[in-house]
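First comes the structure, then the notes that go with it.
The values are calculated or read from the model by the stated rules, or taken from the named source; none is laboratory data. Everything quoted here is computed from the prediction, not taken from an experiment. Note that we place each Cβ from the backbone using ideal geometry, even for glycine, and neighbour counts take in every protein chain shown.
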Amino acid sequence: MKLTTLSAGLVFLATFAYGQNTAGWPCSEDLTKTEGDNHRIRVNVSVTEAMAQKKILPDVSDLKHTKTDSTVILRVLIGKDGAVRCADPAQGDPSLFQRSADAAKQWRFQPYLLSGQPIIVETTIEFTYKKGKVTAR
């Protein structure tokens, strides 16, 4: 199956954080309760970018006449179902954090499989704001 082959190949590109406790995250405890465990792997943004099925960009209509040039990086947890469960600011302009997190929480990914089983994924999403426009990866 293509999905299994893709997942197996991507495991080698991942930086493993399997079973790590990430108590510093506001949503870690809630995610553990809803997903049933705290086992996860950390995956490079280029890997998860290929797994994205739905990307929502932040609304920047109020920024059209500003010269905002900034990159916001969010640390995200993707649940076993491929939904973004947590989006915490890691870097960037604090005035853009909330709109970036709101957009990221609407993203959907193909579930990440490890040994044929879905697993929680830790990664980043990067929003680049430039001259009233935004791009994401």
Quiz item: Any idea which residue in segment 28-56 is modelled with the lowest pLDDT, counting only those that are surrounded by 15 or more Cβ atoms within 10 Å (Cβ to Cβ) and outside any helix (DSSP H, G or I)?
Solution: Asn38
Quiz item: Any chance segment 69-76 includes a residue that's over 14 Å from Glu126 (Cβ atoms) and hydroxyl-bearing (Ser, Thr, Tyr)?
Solution: no
Self-check item: Among the candidates Phe97, Phe127, residue that is crowded, with 20+ Cβ neighbours inside 10 Å and among the hydrophobic types (A, V, I, L, M, F, W, C)
Solution: Phe127
Quiz prompt | segment 42-69, residues that are closer than 12 Å to Val134 by Cβ, free of Cβ contacts under 8 Å to residues at least 60 places away in the same chain and touching a Phe, Trp or Tyr at 6+ places or on another chain (Cβ under 7 Å) | solution = Ile56
Quiz item: Are any residues in segment 79-88 in a loop (DSSP other than H, G, I, E, B) and buried (at least 18 other Cβ atoms within 10 Å of the Cβ), and if so, which ones?
Solution: Gly79, Lys80, Gly82
Quiz item: If you check Val76 against the conditions, is it surrounded by 21 or more Cβ atoms within 10 Å (Cβ to Cβ), out of contact with any Gly (no Cβ under 7 Å at 6 or more places or on another chain), hydrophobic (A, V, I, L, M, F, W, C) and not in a loop (DSSP other than H, G, I, E, B)?
Solution: yes
Practice problem: Identify all residues within segment 89-118 that are part of a loop (DSSP other than H, G, I, E, B), farther than 13 Å from Arg75 by Cα and either of a type in the set (Lys, Arg) or within 15 Å of the chain's Cα centre (by Cα) (or both); write none if there are none. | Solution: Gln106, Trp107, Gln110, Pro111, Tyr112
Exercise. Please work out if Thr128 is assigned to a strand (DSSP E or B), within 13 Å of Ala52 (Cβ to Cβ), out of contact with any Asp or Glu (no Cβ under 8 Å at 6 or more places or on another chain) and not hydrophobic (A, V, I, L, M, F, W, C).
Key: no
